[in-house]
């Protein structure tokens, strides 16, 4: 293998490739907790906002994750699209 020393060695340059590469300050993929919540639709925007805040705080406290790295996804499902025992929530509400 040929070695190209035309740019000089680390000693003559005074820096290495490691010095030239910036290290990302963003959290790594394994440091980003993802909380996924699926529930029947019908909550107010205020209730959903409260849920996001409380889930974020709980994960921050429980695992020590930085707040800015915590992700929360809320999926709201229509009551006609959620069933248990072959009965939808909409059917249960009707009695």
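Against the compact-protein benchmark of 2.2 N^0.38 Å, the Cα-based radius of gyration of region 35-95 scales to 1.42.
At full extension, residue 52 and residue 86 could sit 9.2 nm farther apart than now, given 0.36 nm per residue minus the alpha carbon distance.
Taken together, the values in this text are just the output of simple stated rules run on the coordinates, not laboratory data. The structure presented is a predicted model; accordingly, all values stated were derived computationally and were not measured.
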